[in-house]
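The values are calculated or read from the model by the stated rules, or taken from the named source; none is laboratory data. Please read these numbers as outputs of a predicted model, since none were measured by experiment. Note that each Cβ is placed from the backbone with ideal geometry, even for glycine, and that neighbours are counted across all protein chains shown. Please note that ligands, DNA and RNA were not included when accessible areas were found on the heavy atoms of the full protein model with its side chains. Shrake-Rupley method; radii C 1.70, N 1.55, O 1.52, S 1.80 Å.
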Amino acid sequence: PYLELAEVYATAGSAQTAKALVAEMRMEFESSDLKRVRAELRRVEGEIALAEGRPEAAIEPLRRASEDFCHICPLPGLARAYEAAGQPDSAIAALTRYVETPYSDRFLPYSYPLGQGLAPAHERLAQLLDEADDLDAAARHYARFVELWADADEELQPRVRAAQSRLDEIVSQRG
């Protein structure tokens, strides 16, 4: 699973390891096989660019990857790229598309970006909307995050409590 591992390494900030895995995969696969994984390869290229601190270079491959079979898979990475490139409105749009797009495979156990990544996406979307002063939308996403992670492991509970606290503040302010 070259590309899956490369994406994990790139997302974790190890661009060199990710690049080595992609290079090894390119040596092992025929060009016809590479065509079948072009969307995944674009997603990995985008994540590598992000890991290298080149968010502008990450946007195009991640955007193009979102036009392929798993149209929601690259969206969290695309949102991170937009955010790092100083485009918070585009980050909000990518995360909104990610959390609101129905996708039948979203909760497969092997698919973090599709299922388990949903709560952190709601959390970050809420924070970005909060910063943009769209408090009604921020409150909805804080609430969804709190709901999804209500029973999360204890080490994650500080994030849940922080989101609940901010949600309470917004509700108090809004009346």
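In region 15-67, which residue that is of a type in the set (Asp, Glu) and open to solvent by less than 60 Å² (accessible area, probe 1.4 Å) is nearest to residue 83 (Cα to Cα)?
Applying the filter and picking the extreme gives 47.
Just name the residue that is surrounded by the fewest Cβ atoms within 10 Å (Cβ to Cβ) out of those in region 118-168 that are outside any helix (DSSP H, G or I) and not charged (D, E, K, R).
150
From the list 57, 49, exactly one residue is under 16 Å from the mean Cα position of the chain (by Cα) and either within 23 Å of residue 120 (Cβ to Cβ) or at pLDDT 85 or above (or both). Which is it?
49
Is there any pair with a first residue in region 142-168 that is charged (D, E, K, R) and a second that is open to solvent by 40 Å² or more (accessible area, probe 1.4 Å) and part of a helix (DSSP H, G or I) whose Cβ atoms are under 9 Å apart and which are 6 or more apart or on different chains, and what are they?
Short answer, once both residue conditions are applied: 166/127.
Test each condition in (1) touching a residue at least 40 places away in the same chain (Cβ under 8 Å); (2) buried (at least 20 other Cβ atoms within 10 Å of the Cβ) for residue 70 and report the one that comes out false.
For residue 70, the failing item is (2).
In this structure, does residue 90 turn out to be of a type in the set (Ser, Thr, Tyr) and at pLDDT below 95?
Criteria not met by residue 90.
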